[in-house]
Structure formats: structure tokens, C-alpha cells
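S.K.: First the structure, then my questions, so here it is.
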Protein chains: 4
Amino acid sequence: MHSQRYYTLSASCPDRVGIVARVSGFIAEQHGWILESSYHSDDANGGSRYFMRLEVKADSLPFHLAEFRERFLPIAEEMQMDWKISDSAVKKRVVIFVSQQEHCLYDLLARWQSKELDIEIPCVISNHDAFKSFVEWHGIPFHHVPVNPDDKEAAYAEVHRLYEEVRGDTMVLARYMQIIPPAMCAAYPGQIINIHHSFLPSFVGAKPYHQAYQRGVKLIGATCHYVTADLDQGPIIEQDVIRIDHSDSVADMVRYGKDIEKAVLARGLRYHLEDRVLVHGNKTVVFR
Amino acid sequence: MHSQRYYTLSASCPDRVGIVARVSGFIAEQHGWILESSYHSDDANGGSRYFMRLEVKADSLPFHLAEFRERFLPIAEEMQMDWKISDSAVKKRVVIFVSQQEHCLYDLLARWQSKELDIEIPCVISNHDAFKSFVEWHGIPFHHVPVNPDDKEAAYAEVHRLYEEVRGDTMVLARYMQIIPPAMCAAYPGQIINIHHSFLPSFVGAKPYHQAYQRGVKLIGATCHYVTADLDQGPIIEQDVIRIDHSDSVADMVRYGKDIEKAVLARGLRYHLEDRVLVHGNKTVVFR
Amino acid sequence: MHSQRYYTLSASCPDRVGIVARVSGFIAEQHGWILESSYHSDDANGGSRYFMRLEVKADSLPFHLAEFRERFLPIAEEMQMDWKISDSAVKKRVVIFVSQQEHCLYDLLARWQSKELDIEIPCVISNHDAFKSFVEWHGIPFHHVPVNPDDKEAAYAEVHRLYEEVRGDTMVLARYMQIIPPAMCAAYPGQIINIHHSFLPSFVGAKPYHQAYQRGVKLIGATCHYVTADLDQGPIIEQDVIRIDHSDSVADMVRYGKDIEKAVLARGLRYHLEDRVLVHGNKTVVFR
Amino acid sequence: MHSQRYYTLSASCPDRVGIVARVSGFIAEQHGWILESSYHSDDANGGSRYFMRLEVKADSLPFHLAEFRERFLPIAEEMQMDWKISDSAVKKRVVIFVSQQEHCLYDLLARWQSKELDIEIPCVISNHDAFKSFVEWHGIPFHHVPVNPDDKEAAYAEVHRLYEEVRGDTMVLARYMQIIPPAMCAAYPGQIINIHHSFLPSFVGAKPYHQAYQRGVKLIGATCHYVTADLDQGPIIEQDVIRIDHSDSVADMVRYGKDIEKAVLARGLRYHLEDRVLVHGNKTVVFR
């Protein structure tokens, strides 16, 4: 987290000799000042792949974002990179989805209003209207999109329309208690972030705290992950746990769990927004 | 945390044979149903002292709170107890103090509005007016009481008046950046709860994250404690830490720290409100 | 953990009014000094059940263990208790099972030789002979009992014989890489303690670190549990986790995991040996 | 942790444009395969400084260690680097110091015998002879060097002589309860590693668990740090904590503390041995 404006290059490519030299050489030729850089070589999953993330001070470069991308393109092609460059001065546009639980919503709005999360929230979408007035008090538009269990399509068409209309970058399911349809998962890969209230892969699906209570585990957790068509199976971004004991009822676990959920969601979302998360198959590289 | 109404007896007394038998015998004679009970014998600090906390189902007893107290009095006197009995149906009245940081305030109000914290908040008091409209949106009165560094007395007279007027039970300093004068500490022992942004006793006083940064620690923390006349020296209720590393600036530490501060304050406050905290000299017994 | 000799009563029974009064009244009549006491009421699993554990100073009672048991019997029968009373002066006899990994064995023997674990270790049993000389150096008999995959019965007959011969109280599977046959599980319920190298219920069975690596979890863990005929499904005593990230290979996870395994096993074993663990269906009450 | 042989370059220098390009360019020219690389820019302590650590596959380079150093020298001089290159095939020589507590010694020897710690232990030095036979059983020489409180110089002259004789790289004070004299600290900067049984800077000096008990903290910890002439003030390498509560005596805290001490020492030592720790003033950069 830097106070100056910077560009973030994140990329992955087949591993070979000279990647760091090629990329850092290009930046050095332009007199670019590297604020932070992280590299990772993954050779365990059948064929090596190389991951990197660099933050370069914007005013140390002799060009702006568009030209940076243009000049970097030949290197990226030579290296067969998946890549992107983002500008810290351009705020990401994050649409929050919520149902009837308040903790993640309050937490995200507190971080947003203090600029800890330096994002735009073009709107909040909910299948209930419980938080309409609270959201609007913050000056953020609120859309109540009820989901009819017998005809979910209409609702998701509306969600899709709203998200496109506000030119959203990321959807955050802040305890949004609806299953996202496969078509929407496919339309926005790596853009939909969910917080699941268990330490996955334990306790997939509904009522994970009840499942945890029945099994008698001694820690409960939460998992922030990208949403894919397979329920609760997407790439994991962040997880954490908290200790419980025999005296804790399901209601106590729900209460403890909320604290973990909001912390894990906030951390996972920040990693995502700062382009620290690179997806690799069904796993993630997270450069903290 | 029980859904039924219950009475909570918390007490300490010199240790001797038969305390549990005497207290539980009295409750059993009345056919009282014990929901939860905790005991602790402390024999390490020069003379043994016994601590206990019992939750008794209200409708299992043949009398109400006043008569419970009256009937228990002879036992308490015989045992030389410090004791109290509270009723889960009577909400505690908690006054929140805040300055210019939002995280603990948002967090407490989220817990209050969802009834996780089942309390009355008769007012919020601040030396700034930054959160006036946010607090009032929740239907809670907000009092701006500026503190003049050259004449703090007037401000604290007003704080005192407001607290008495609303018949407060507890003051929560939710990152209230003012030192409470000794007279007020003395007037409300065990009623003023602070969250300090370090893992005490390290980094007492101002700018603890700067101190932590200079020392190069690998974990930072927060401490919830009762306020006494000695700055940051009161009995500790709850603490926690989070891992940092060399790449974290002071600004990063402040950001991580907020998450620990609000979690530790919320846990400590709940223990206090449920009469789980018994002060013993400058330490606490916390029956979780 | 007390330096004086004490008796530990642990019991569970159907919940009703007056249990604590009855038990503590009995002890008070004998002028018994209660060092520590814990109670738990479980009303969530269909019918209330009450759990308790008390430590009573041995020399405060006018009788010894046998008479304590005899006098307590009528109360236990009246309350329909499952109960036992043990004497801190009688060391438990713990047989350790090990295969080819050293970390839990070294850890347990270090705790034993410093008397942190105040137990007898009448022998160590292994399906390999790797640690024969190390164990014998400590003055502990070592039995090499190879397990023939085609005829496990002979091996387990020998294990059974050895355990009976040394009058063992507890078997500790300290990374013993063999599945205990159902007949032995049935013969010693609540006596066989295993350390599983995952945070159960995730990653049951073989190679849990490989499973964790494939799923891309951000924390790995270990679970100490009682062994039952259902593999890795027995009542959980203790669990813990440690953070990993994308840069950690399976080999790194194995290394991190060892530290969690030995800590979790040591804690779970201590709870068991101090009669702090009461089994309730497939769950445990652990009075720490 | 890689299975192949590799060279580790660790270095720091004044920050400027092009450091990564220069270093990685040099390696790429030699067709060196980078297994792992970490970079950190510290601009907060008056003047920017750059830190780096690279692991390069040994057999991808056309030369051996001596020539690697020779060829790298001009770059290092141009950049004004503090630097070193080590070879994973050359085991570090670690001398362990111990007094009368066993837990860290057992733990380190378990890791050594399983090759998790892939080091030479040329000898163990102690001011007591409690562990002589245990150490010698492992085939490691044991030197009993009593420290006379009235004439410590003779003892430290002998320690110095032994350390030089075995050509030690690192001294590990594994709960060695003696204060290292300033002259020895000065002779081996960044080579002497201590484990202190508190979460520094809290509870410096003697009996930290007693101090923690008196203050009533809710977590206790341990700190692994380099030894300097200022007692318990050296650069911190690693720390961790564990939760305690009011029921824990000093003896319980000592017991819990041992588990944290050995884990923190093992992690800190591994970071040091793998050249992951770069000292910066009185702080450390630790590339995990």
C-alpha cells in the first residue's frame, strides 16, 4: 500500500530462463522505479509456470498506462503471458450483494468510508430490502432484486443488466444467500468473490455451522473464494479459523463465525483489488 | 448465551470448604435450574480467594430478582462476598465514546442493530462531530463535547452529567483519543472499558504502532482493559495479535491493527456485559 | 496442574435440578477442599445431559480412594451417572505406538523425561525397528511387532497381549501408520488416541497433505481424536492449524504439519490423562 | 526448500533504478535458473535500502561457487552491496548451547536426525552436564563448560576456543541461561541466536513468566532474536504467542511457553540457516 500513484503489472507464463531479467530489464530501461515485486515458480503441477507481480512508480516512467501496455505487449507475447497492468489512480468498481445479515456490509462500508478500501461502490444489490435505508444513507444506490425460487432467470437478468450498467469490475457476495447461476459464473470468471462460512473443503453447502456442531470440531472457519459453477469449489483466496469449545451452541458459533467471515472477506477482497491474486487452475497464488 | 431469561450471580470471597455446596444448595432448595456455572480458586496471590459465576433460569425460581437478592444476602454475608445478581431481561446501558476513527463504532453499531449486543445505547459522546449524522441515523442521540486541552474539566463535567442523566452502566472508549481524568476513573471503577492499540504491556502511551515498527516486532496486538488512573495499566480483559512482516509500513500496521482492535473490544465488552469479568487486584478472572 | 495430591471425579448424568448441590454437598460434608471444578449442561442433542469434573485435595478428605468411591456410589446411582474417580498419585500407564517418523516420539519422550507428562511408559511398540535404540536409551522397553499386510491378525494379537501384560491405560498412536482393527477399537473404547495429519473432517484417509495441496487451502491442521472402527471419524479431542501459502510444496507442508501434529497430540493426550475429556456420543466435552 | 542443489545470493544495497534488472540480467546471461526470489525496498528509515535473496539452480550455471562469487563481485561493488552467496550442498555448522531445560534440545535433535534441519552439529556446549549422555547417544560431542559467576572469562575463553576449533557458523542458545559477554557478541554479530521466553519487548530479563503472571496478560509468547550486547534488545527474527487464562499458574505458563519457545526457535533458526534473514539496523528482513 503506497501513497504514490503506481502501476501494477501482474502476469503468469510458462517458466524458462530469463523472465525476471527480461521484465525488470524493460522497466529499468525506462528508468522505472520498482516499489514492490514478487515472483513465484510453480513446478509441481505438471509443467512449470511462472507468476509475477510488480508495482512501478507511475511518475518514474516516461509514459502513461496505454503506452506502457503497448510497449510491454511484445515481451508479453514473446513469453506467452497472461497479463494485465492496472493504475492505482483508477478506482475499481465493486458491486456488493447482500441478503439479511449485516456484518459484512457494515464492515465493508466502514472500510470504504475511511478510504481503507479505496474503491467505488456504484451500487448494492439485495434480494431483500432490509438495508436499503442504511446503504442509501451512505450515498450509495440500493437495488432490491427479489429472487423468485421458481423463476430465478428474471432476477439474474436484472442483476446482469445492473452490473453492466454501472461497469462493475468485481461482485462481492457479502453473505448473499443465493446460488449464482452457472451462466453468470461463466460470464465473469475471477470477478465474483464469495465468503463461505466454513473452513472449506469441510462443510460445503447449507448450514455449515450446524454441520460443524454435529461433528464436534474444535475450530470453525471461513473461506473467501472465487465463485465457479461448482458450489463452494472455486479457487480459495483466503481462510481463517477461530477456537470454539463444547460450551458453544450453534448460535455462539454463528456469532464467532461472523467475526471471521468479515475479516477473511475483507482480506481476500483487498488482495483481489490490488491484483495480488493470480488464479492457477483451481488454486491461487496470492502475493501478500 | 441463552434464549431464555436468566439471572446471573457473580461473586468472589475468601476461599474455604463448602462454598460451592452452600451456594448451589441454596439454589437447589428453590428448585433453581443452573444453566451454566464456573468456579475458580486463586491461591497464588497471598491468601486464597474464590470466584464464581452462575446462570440460573429465571422461571425455575419461585421469586423475582429483588427477593433473590434478599434471600441470598445472608449467605453472601456469611461468606464475606463481593457479589451481584443481574437479570438478562434488563438491558445494560452502554455509552460509547469515539473520536475520529470509525472502525470500532461501525462494528459496535452493527452488533447492536443485529441484537448480537443486546444493549441500550442511550447516547454516543465524541470530542469531534465527524460521526454525528451516522450515529443519529441509527436513532441514537449524539453529543459533541469538545475537549479544550487547557481546560479539560469543563468537558469532563459535561461527560459526567450526560452519563448520569442517561443512567449509564458502562462507558466504552471506542478509540476515544483522550485521557480520562483520575477523578472520573475513581468515580466509575470497573465501568470504563478501553481498547488500546498495542499488546500491553508493550508500547504504552501514544503511537504504539510507530513504537512497534521501530522495534521490529513480528506480531502486533490490541488490549481491552478497564481504565484506571494509571495510563494503560488497568486490569486486562482481553488481548489478541496478528502477524506482520518487514514489508508492512506503519500505515499497514494501522490497517491490520484496526481489525484486531474491533474484535478484541467486542469480545471484552461482551464478557463485561455478561458479568463474566471479575476483577482481582490488577488482574481479571474471565469466565468465558 | 497442582503440586498436591488430589482426586479427580469426572461424571456425566441426565440433567435435573440439584446435581451440583448434591455432589458438592457430599464433598463439603467430608470437609473436602475443591481445587478446581467445571460443569457443563448440554441440552442441544435431544435430552439434556450434565457433565462435571472436580479436583479434590486428597489430604482434606477423611478417607482414601477406595472409600471415596464406595461412599460416592449411592449418589452416582441415584443420579444415573457414568463416573470415575482417579488419584493423581497413581501414574497412568501409556503405551506409545510409532512407525518411522520421529517427531511425536521425541516430543513425548522429552515431556516424559522432564516430568511434564507424569506418566509411566511401560513400552513402545512399532511396526519398524528404527527407534529401538533411541527408546531403549531412555530405559523404556521397545517391541518390534511387524504387521504383515496379508495377516494382520497375528500382529494385533501380539499388540493386545503386550498391552494387557503391561496393564496399559492408554494407547497413543504417535504417527503409527497402521489402521487399528475394529475388534481392538471395540475392546478399548476411549483408550486409543490418534493424531491425524489434517484438520478433520477435511482430508480423511491417506496423504492428507497431498489432498490439501491439491485443494489449495491456506491453512493446514492436525486432529487428535479417539480411535473408533470408522477411520478418522472418532470423537475429536483437540485440533489446531498453521498458515501456509502458494509457495509451500507438499514437503513444506509436511514439515509445518509436524509441528502442529506434535503440539496437538501433546495437548490432547494431557487432557485425556487428566480426565478432562468426557465423551458424549461422537463428540467430546473437554474441561481445560 | 528444494531437493536440487542451489546457490543462495542474499544482498542489500542503497536503492536505485535497475537493481533487479542488473542482478537478474547477470544470472540470465549465464542461463541461471531462478528457483525462488524475493525483494524488498525499505524507504522508511531515512534513505532507501534494497534487499534481495535469490536461489539459483546450481547445475544451470556454467561455473561453481568460487567463480560465481568472482564474477558477481563487480556488480556487488558497483551497487555497494553487503552480500553473500552460499551453497546448499555445504552444511552449516551449528553449535548448540543448553543449560538444564530439555525441550529445545530434544526438538532440535529430532529435526536434525530426520534431516529436516540439514546441518552439522559439531558439538553441544553446556554449563551443566545433565544432557551429556543424551547428546553423546546421538554421536555428537558434548562439552561441559561450567560458568563460575565470579570468573566468567575463563568459561567464555573456552567457549570461544571450542567454537573456533569446530569452525562453527552459528551459535544457538537453546535456553542457555547465561548472559553472553559483550566481547563475544561483538566477535560474532548475526551468528548468535537466542530464544527468549517472552513476547519482546514485554518482560525483558529474568523470570518473564512470573512478570506475565503478575501483569495478568491473556497471551504469552516467545521471541527468537540475534544476540547483541544489549540484553534482549537484538534484532527480532521470529515471534509467536499462545492463549492462557486466569486459571493458569506460573507453572502452567512455563509448560505452555515451552511449546512456543521450541517452535519459534526452530522457525527462526531455519530462516537464518537458509539465509532468509537480512539484518537492517536493529530490525530484520525475513524472506519466508
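S.K.: Where does chain A land at 222 nm, in deg cm²/dmol rounded to the nearest 500, when only DSSP H runs of n ≥ 4 count, each adding -39500 (n - 2.57), divided by all residues? Walk me through the intermediate numbers first.
M.R.: Working: 8 runs with 94 residues, N = 288.
For chain A, the value works out to -10000 deg cm²/dmol.
S.K.: Would you kindly work out, in nm and rounded to one decimal, the distances from the label point of B:A187 to those of the same position in each other copy, ordered shortest first, with label points 7 Å along Cα-to-Cβ?
M.R.: So the label point of B:A187 gives 6.1, 6.4, 7.4 nm to the other copies.
S.K.: Still on this structure: Would you give the gap between the C-alpha center of segment C:70-104 and the C-alpha center of segment A:10-45, rounded to a whole Å?
M.R.: Comparing the Cα centres of segment C:70-104 and segment A:10-45, I get a distance of 60 Å.
S.K.: Can you tell me what share of the DSSP beta bridges in the protein assembly as shown is antiparallel? A percent to the nearest 5 is fine. Walk me through the numbers before you get to the answer.
M.R.: On the way: 158 of 214 bridges.
Antiparallel: roughly 75 percent of the beta bridges in the protein assembly as shown.
S.K.: Now, a different point. One decimal, nm, shortest first: give the distances between the label point of A:E136 and those of the same position in the other copies, each label point 7 Å from Cα along Cα→Cβ.
M.R.: For A:E136, the inter-copy label distances come out at 1.9, 8.4, 8.6 nm.
S.K.: At a 10 Å Cβ-Cβ cut-off, how would you order A:F131, B:F26, fewest neighbours first?
M.R.: By the 10 Å Cβ count, ascending, the order reads B:F26, A:F131.
S.K.: Could you work out the mean count of beta carbons from other protein chains within 10 Å of each residue's beta carbon in C:232-241?
M.R.: Working: counts 0, 1, 1, 2, 5, 2, 2, 6, 4, 6.
Counting other chains' Cβ atoms within 10 Å and averaging over C:232-241 gives 3.
S.K.: Something else now. List the trypsin sites (Lys or Arg not before Pro) within segment B:16-98 that fall in a DSSP loop (any state other than H, G, I, E or B) and whose Cβ has at most 16 other Cβ atoms within 10 Å.
M.R.: Working: sites: B:R16, B:R22, B:R49, B:R53, B:K57, B:R69, B:R71, B:K84, B:K91, B:K92, B:R93; in loops: B:R16, B:K91, B:K92.
The qualifying sites are B:R16, B:K91.
S.K.: Please find, in a Gaussian network model of chain C (springs between Cα atoms separated by less than 10 Å), the residue of C:G25, C:G268, C:G221 whose mean-square fluctuation is greatest.
M.R.: Its mean-square fluctuation being the largest, the pick is C:G25.
S.K.: Tell me the net charge near A:K258. Cut-off is 14 Å between Cβ atoms, A:K258 excluded, with +1 for each Lys or Arg and -1 for each Asp or Glu. Each step should come with its number before you reach the end.
M.R.: Working: positive: A:R175, A:R255, A:K262, B:R111, B:K115, B:K262, B:R267, B:R270; negative: A:E102, A:D107, A:D240, A:D248, A:D252, A:D259, A:E261, B:D107, B:E116, B:D259.
Counting the neighbours of A:K258, the net charge comes to -2.
S.K.: Excluding B:Y213 itself, what net charge comes from residues whose Cβ is under 10 Å from its Cβ, given Lys and Arg +1 and Asp and Glu -1?
M.R.: On the way: positive: B:K207, B:R215, D:K283; negative: B:D248, B:D252.
Cβ neighbours under 10 Å give a net charge of +1.
S.K.: Just want to confirm a number: the relative contact order over chain A, from Cα pairs under 8 angstrom separated by 6+ residues, in percent. Mind dumping the intermediate values first?
M.R.: Working: 497 pairs, mean separation 42.2, N = 288.
Taking the mean separation of contacting Cα pairs over the length of chain A, I get 15 percent.
S.K.: Which percent, to the nearest 5, of DSSP beta bridges fully inside segment B:94-286 are antiparallel? Numbers along the way, then the final one.
M.R.: Details: 16 of 29 bridges.
Once the DSSP bridges in segment B:94-286 are tallied, antiparallel ones form about 55 percent.
S.K.: For the pair A:D230 and A:K91, what calculated FRET efficiency results from E = 1/(1 + (r/R0)^6), where r is the Cβ-Cβ distance and R0 = 35 Å, to the nearest 0.05? Walk me through the numbers on the way to the answer.
M.R.: Working: r = 31 Å, r/R0 = 0.90.
Working from the Cβ atoms, E equals 0.65.
S.K.: If I model a spin label as a point 7 Å beyond the Cα along the Cα-Cβ vector, how far apart are those points for D:A157 and C:A183 in nm?
M.R.: Roughly 7.1 nm, to one decimal.
S.K.: Nearest to the axis that maps chain B onto chain D: list the chain B residue whose Cβ wins, with the distance in whole angstrom.
M.R.: B:S202, 2
S.K.: Quick one: putting +1 on the C-beta of Lys and Arg, -1 on the C-beta of Asp and Glu, what dipole do you get for the protein assembly as shown around its Cα centre, in Debye to the nearest 20?
M.R.: Details: 124 positive and 152 negative charges, 0 e Å.
Here the protein assembly as shown has a charge dipole of around 0 debye.
S.K.: Shifting gears a bit: Rounded, prolate or oblate for segment D:94-286? Axes are the square roots of the Cα gyration tensor eigenvalues, ordered a ≥ b ≥ c, and the cut-off for rounded is a/c under 1.5.
M.R.: Numbers: a/c = 1.42, a/b = 1.36, b/c = 1.04.
Rounded, since a/c falls under 1.5.
S.K.: Given label points at 7 Å from Cα along Cα→Cβ, what nm distances, shortest first, separate C:V90 from the same residue in every other copy?
M.R.: Shortest to longest, the spacings are 5.0, 6.1, 7.6 nm.
S.K.: Moving on. Taking the Cα centre of segment A:94-286 as the origin and placing charges on Cβ (Lys, Arg +1; Asp, Glu -1), which of A:L162, A:F142, A:F131 is farthest toward the positive end of the dipole?
M.R.: Farthest towards the positive end: A:F131.
S.K.: Roughly how big is segment B:94-286's charge dipole about its Cα centre, with Cβ charges of +1 (Lys, Arg) and -1 (Asp, Glu), in debye to the nearest 20?
M.R.: Numbers: 18 positive and 25 negative charges, 104 e Å.
Approximately 500 debye in magnitude.
S.K.: A further question follows. Pairs of Cα atoms under 8 Å, at least six residues apart: use those to get the relative contact order of segment C:6-87, whole percent. Mind showing how you got there, number by number?
M.R.: Working: 125 pairs, mean separation 38.6, N = 82.
Relative CO of segment C:6-87 lands at 47 percent.
S.K.: Hey, another quick one. Ranked by Cβ crowding within 10 angstrom, fewest neighbours first, how are B:M177, D:M79 ordered? Mind showing how you got there, number by number?
M.R.: Details: B:M177 14, D:M79 19.
So the ranking, lowest neighbour count to highest, is B:M177, D:M79.
S.K.: Charges only on Cβ, +1 for Lys and Arg, -1 for Asp and Glu: so what's the dipole of segment A:1-112 about the Cα centre, in debye to the nearest 20?
M.R.: So the magnitude is around 260 debye.
S.K.: With each pseudo-label sitting 7 Å past Cα toward Cβ, what's the B:H210-C:N148 distance in nm, one decimal?
M.R.: 7.6 nm
S.K.: How well do other chains shield peptide C:102-111, expressed as the mean number of their Cβ atoms within 10 Å of each residue Cβ?
M.R.: 5
S.K.: Once you list every other residue whose beta carbon is under 14 Å from the beta carbon of C:W83, what net charge do they have if Lys and Arg are +1 and Asp and Glu are -1? Please report the intermediate quantities before stating the final value.
M.R.: Working: positive: C:R22, C:R49, C:R53, C:R69, C:R71, C:K84; negative: C:E70, C:E77, C:E78, C:D82, C:D275.
Net charge in that neighbourhood comes out at +1.
S.K.: Is any helix in chain C, taking whole DSSP H runs, at least 24 angstrom long along its axis by alpha carbon and on average at least -1.0 on the Kyte-Doolittle scale, and which ones? List each step's numbers first, then the result.
M.R.: Values: long enough: C:250-273 (33 Å, -0.11).
Going by DSSP H runs, the hits are C:250-273.
S.K.: Roughly how many whole Å is it from the C-alpha centroid of segment D:214-248 to that of segment C:160-230?
M.R.: Between the Cα centre of segment D:214-248 and that of segment C:160-230, the gap is 33 Å.
FYI, it's all coordinate maths here, none of it is from the lab. Keep in mind the model is a prediction, meaning the values are calculated, not measured. Positions of Cβ are backbone-derived with ideal geometry, glycine not excepted, and every protein chain shown enters the neighbour counts.
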